[in-house]
Amino acid sequence: MKIFNLFLFMTVGFFTGSKLYYKEEKAITSVEIERINSRVSEIKNMISIDSKYNTKIAFLLDMKVPSGKNRFFVYDLENNKILDQGLVAHGSGSETGVKGSLKFSNESNSNCTALGRYVIGKTYKGIFGKAYKLTGLDESNSNALKRAIVLHYYSAVPYDEQDYYISNSHGSPMVNEQFFKRIEKIIDSSKSNIILDVYY
């Protein structure tokens with residue numbers, strides 16, 4: 001596995017009509033890189049066994065990173081690089097009262113984020129607008145469908161990084177609408193299901 005540079009900068013924009021959107025350049029820490037590489041290795045092993053999943057793109061969500069900082073990474077599995085990144089909220093039930101410390105649960109009504117690999121499924125229109133159903137692939141997130149855990153956007157999630165913590169969800173990965181519009185292009189154009197990996 002290639003270890004990419006300590007300071008990895010984003011250079012990729014996504015087209016929306018005639019407009020070109022660029023995410024601001026953000027540095028990735030060496031610790032985050034180590035965690036990313038570890039998760040990427042596991043995902044590559046998984047999709048090499050089961051080719052029904054997208055072999056080019058994966059979404060990585062690092063819950064060790066504070067919620068006010070970019071921790072949702074769009075990862076290029078072929079070229080081993082981050083294509084995009086943004087903020088993502090965790091579940092309100094994951095709060096412990098200690099900054100930087102989270103807890104996780106797969107239980108219904110816990111409002112917690114559940115760790116593990118998910119497959120991004122069908123889209124539907126929910127109370128927050130367009131959303132994608134998530135199916136848990138691990139024991140730690142096997143109740144995702146029953147808990148109605150989905151990938152969605154919400155107006156209260158800021159676009160830019162913050163020095164403070166952002167709003168919480170009911171357990172679902174919740175992102176900014178502008179960022180959602182970029183990742184939905186990737187999801188909707190994919191011929192196979194994309195893996196979304198939540199880790200800590």
Tally up the residues in segment 66-76 that are without any contact (Cβ under 8 Å) to a residue 40 or more places away in the chain and open to solvent by 10 Å² or more (accessible area, probe 1.4 Å), please. 1
Could you pull out the residue among Gly100, Gly17, Gly91, Gly13 that is at pLDDT 95 or above, of a type in the set (Gly, Ala, Ser) and closer than 26 Å to Ser155 by Cα? Gly91
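The values are calculated or read from the model by the stated rules, or taken from the named source; none is laboratory data. Just so you know, these numbers come straight off a predicted model, no measurement behind them. Reconstructed Cβ throughout: ideal geometry from the backbone, glycine too, with neighbour counts over all protein chains shown. When the accessible area is computed, the model is the full protein with side chains, heavy atoms only, and any ligands, DNA or RNA have been set aside. Shrake-Rupley method; radii C 1.70, N 1.55, O 1.52, S 1.80 Å.
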